[in-house]
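What follows is a set of notes on a single structure, which appears directly below.
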Amino acid sequence: DYKSVTQTQLANGLLDYYMREKRMEKYIHRAVEYAIVLGAGYVKMEWDATAGKVIDEDEETGLKINEGDVKFSNLSPFDIVFDMSKEDSSDHDWIVARSFKNRFDLIAKFPEHEDEILTLPTKSEIEHLNIFNQQDSDDVAVYTLYHKRSDAMPDGRELTFLSSEIILLDQPLPYRRIPIFRISPNDFLGTPFGYSNLFDLMPLQESINTLYSSILSNQVAFGVQNIFVKTGSNVNITNLSGGLNVIEGLEA
């Protein structure tokens, strides 16, 4: 009917806007890349209340109210925690997501936690994340727990924290579902983990790496030849660049 056609046109326009203007397509592509390499990739879609233009301001407190907008971000399997005993990747009751934010921005937003935030380790100080020898990072880990609505928790839960002592937000889940979307080529049967076809190539790649390493090690060790000359042969040696030698001697 006419109403359905109109709603479809509006929905297509919104999707096109977020694909182009908000670069949602970029985040989907990055999630696919994570999925191919690591077995799974994630797109986190949350509401950013501070985005957009200011539409109102509280005269007493000076608090500004913005339009707000949807915000996208990528998460790798290393940034996600869930119940590993589940046998279905879509059956999670809760998910914890890790992101990194500038600690001074967090202090500006939560000044009551300034002293605690300043003592948190930064991204460059976390050993397993400092793979490129990063220096003087101001980003700290921010964890958000999402619990879906259930009989035990009818309103769901959203909990944002920096440590067991620093709680930034604790409220009912403001979304209809957990706002984290997973992309995976395949599922590892009986587990909630993703499986990529590239995993099947790992033994072959390891064998190729071993062969290349053996060939290169042999060339490095024996690539420059040595020549045996009998003692007392009246031989003159002229050195050339690169370590090679020209050996001249008188005929017997």
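Computed values, structure above
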{"read-out": "Exposure of His29 as accessible area (Å², to 10), given a probe of 1.4 Å and all protein chains", "value": "110 Å²"}
{"read-out": "Most positive-pole-ward Cα, Trp47, Asn218, Ser150, against dipole of the chain from beta carbon charges", "value": "Asn218"}
{"read-out": "Distance violations [Cα-Cα > 19 Å] among Lys71/Lys101; Lys26/Lys148; Lys22/Lys44; Lys22/Lys123; Lys71/Lys123", "value": "Lys26/Lys148; Lys22/Lys123; Lys71/Lys123"}
{"read-out": "For the chain, with +1 on Lys and Arg beta carbons and -1 on Asp and Glu, the positive-most of Ile183, Leu198, Phe100 along the dipole", "value": "Leu198"}
{"read-out": "Accessible area per residue, Å², the chain with all protein chains present, probe 1.4 Å", "value": "73 Å²"}
{"read-out": "Candidate values (1) 70, 35, 33; (2) 99, 41, 25; (3) 106, 51, 39, label of the one derived for Cα extents along the principal axes in Å", "value": "(3)"}
{"read-out": "Where a label projected 7 Å from the Cα of Thr191 along Cα→Cβ would reach, residues of segment 40-56 with amide N under 20 Å", "value": "40-42"}
{"read-out": "The chain, accessible surface, carbon-and-sulfur percent (1.4 angstrom probe)", "value": "55 percent"}
{"read-out": "Inter-site label distance for Gln171 and Val220 at 7 Å from Cα along Cβ, in nm", "value": "5.7 nm"}
{"read-out": "For the chain, size of Cβ-based charge dipole, Lys and Arg +1, Asp and Glu -1, in debye", "value": "1020 debye"}
{"read-out": "Largest to smallest accessible area among Glu165, Glu59 [probe 1.4 Å]", "value": "Glu59, Glu165"}
{"read-out": "Furthest towards positive pole of dipole, Gln9, Pro172, Phe110, structure part the chain, Cβ charges", "value": "Gln9"}
{"read-out": "Cβ-based net charge around Tyr27, under 15 Å, with every Lys or Arg adding one and every Asp or Glu removing one", "value": "+1"}
{"read-out": "Value of [θ]222 nm, deg cm²/dmol, for the chain, DSSP H segments ≥ 4, -39500 (n - 2.57) each, nearest 500", "value": "-8500 deg cm²/dmol"}
{"read-out": "Within segment 12-79: Cβ-based charge dipole about Cα centre, in debye rounded to nearest 20 (Lys, Arg +1; Asp, Glu -1)", "value": "580 debye"}
{"read-out": "Trypsin sites (Lys or Arg not before Pro) within segment 157-223: DSSP coil, no more than 15 neighbouring Cβ in 10 Å", "value": "Arg176, Arg177"}
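The values are calculated or read from the model by the stated rules, or taken from the named source; none is laboratory data. Because the structure is a prediction, the values reported are computed rather than measured. Glycine also receives a Cβ, built like all others from the backbone with ideal geometry; neighbour counts cover every protein chain displayed. For accessibility, only protein heavy atoms count, side chains too; no ligands or nucleic acids. Shrake-Rupley method; radii C 1.70, N 1.55, O 1.52, S 1.80 Å.
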